[in-house]
Amino acid sequence: MQDEEQVGRILDAVVGAVPNTPVTLKFRTGWNLANKNAPTIARIAESAGIRAVAIHGRTRCQQYTGEAEYDTIALVKTLIRIPVIANGDITTPEKAKHVLDVTGADGIMIGRAAQGRPWLFREIEHYLKTGERLPPAQVTEIHEILKAHLIDLYAFYGPETGFKIARKHISWYTKGLVGSAAVRKEMNVLPSIEQQMQAVNEFFIRQAEENEYLKYDKEEALAA
């Protein structure tokens, strides 16, 4: 984002290389707080034939620190005709509606908030349609979702790589839950898919026996 002319050359080359394929672009509000050039980058993108842009409400130098801001996204939305997708710190149905309202964006993009929480999308969809929150996901449903997710990971990546990648997903699904720190520690030493899945099953069965809904603990969340 520091070299706007280079951005234009890259986008022209990519769009030109795939004339029958829509190309989208995701970028941040700028390089740093003193250089928020997202509006300029957005205009360059539109001129190059980019079909939609997604904007994260932080600068490159901020990484994931601080809070996302949405004023820059709102400004971009007024300057270009292609769809604008807002991204950054969208963690709840209420926040999703707020971001859509303040930016006027055509859609939202959710990243970290959906890690280990894929039902967030249906919660947001329901809230946007009705203004009401869905009941939280039950332990038994989350258990089934995670099992299916792990099976897909093993199949897609292969047993060895899938087994390793599954560890971080299990960590995300269990983050902050009562007793989860011990489970995550155990996951790092289990030697096989079978034992990994068994440990997951045993953990969620215990959770279901104690509560219908997941029970979180602040200390566990901080330790995760």
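Since only Ala148, Gly158, Val178 are under comparison, the one whose Cα sits farthest along the positive direction of the charge dipole of the chain, derived from C-beta charges on Lys, Arg, Asp and Glu, is Gly158. Cβ-Cβ distance of Arg206 and Glu94, R₀ of 30 Å, FRET efficiency by 1/(1 + (r/R0)^6): the value works out to about 0.45.
The residues Glu69, Glu212, when put in order of fewest to most other Cβ atoms within 10 Å, stand as Glu212, Glu69.
Model label points for Lys26 and Thr40, set 7 angstrom from Cα along the Cα-to-Cβ axis, are 2.4 nm apart. Could you list the residues of region 190-212 with an amide nitrogen less than 19 Å from a label point located 7 Å from the Cα of Leu134 in the Cα-to-C-beta direction? Once the point is set 7 Å along Cα→Cβ of Leu134, 212 turn out to lie under 19 Å by backbone N, inside region 190-212.
Counting every Cα pair in region 4-130, what percent are over 27 Å apart? Result for the distance tail: 21 percent.
The lysines within cross-link reach of Lys129, meaning a Cα-to-Cα straight distance under 26 Å and a gap of 8 or more places when in the same chain, are Lys77, Lys95, Lys97. For the chain, the Stokes-Einstein estimate of translational diffusion at 4 °C and a viscosity of 1.567 mPa s comes to 65 µm²/s, using the Kirkwood hydrodynamic radius over alpha-carbon pairs. Under a 5 Å amide H cut-off, with hydrogens placed 1.01 Å from N, Leu177 pairs with Asp217 among residues at least 5 apart or on other chains.
Give the cross-link partners of Lys164 among the lysines, using a straight C-alpha distance below 21 Å as the criterion and excluding same-chain residues fewer than 8 apart. Counting by Cα, and skipping residues close in sequence, Lys164 has these lysines nearby: Lys147, Lys175, Lys185. Taking amide H as placed 1.01 Å from N in the peptide plane, Gln138 has no amide H partner under 5 Å among residues 5 or more places away or on another chain. With the alpha-carbon atoms of region 139-223 aligned to their principal axes, the span from lowest to highest coordinate is 34, 25, 16 Å, starting with the largest. Our summary of shape: the Cα atoms of region 1-76 have principal axis extents of 39, 20, 20 Å, ordered from largest down, in whole angstrom.
Between the amide H of Ile108 and those of Ala86, distances stay under 5 Å, these residues lying 5 or more places away or on another chain, with hydrogens modeled in the peptide plane.
Couplings for region 33-50, taken from phi via the Karplus curve 6.51 cos²θ - 1.76 cosθ + 1.60 with θ = phi - 60°, read 5, 7, 9, 8, 9, 3, x, 5, 4, 5, 5, 4, 4, 4, 5, 7, x, 4 Hz in order; Gly and Pro are left as x.
In a reduced charge model with +1 at each Lys and Arg Cβ and -1 at each Asp and Glu Cβ, region 139-223 shows a dipole moment near 360 debye about its Cα centre.
Extending 7 Å from Cα along the Cβ direction at Cys61 and again at Ala113 yields two label points whose distance is 2.7 nm. Ranking Ile55, Thr40, Leu25 by Cα position along the charge dipole of the chain, where only Lys, Arg, Asp and Glu carry charges on their C-beta atoms, puts Thr40 farthest toward the positive end. Whole-Hz Karplus values for region 148-160 come out as 5, 5, 5, 4, 5, 5, 4, 6, 6, 8, x, x, 5 Hz, taken residue by residue from phi with 6.51 cos²θ - 1.76 cosθ + 1.60 and θ = phi - 60°; glycine and proline positions read x.
A short reminder: the numbers here are calculations on the coordinates, not readings from a lab. This one's a predicted model, so the numbers in the text were calculated from it and none came from an experiment. Glycine also receives a Cβ, built like all others from the backbone with ideal geometry; neighbour counts cover every protein chain displayed.
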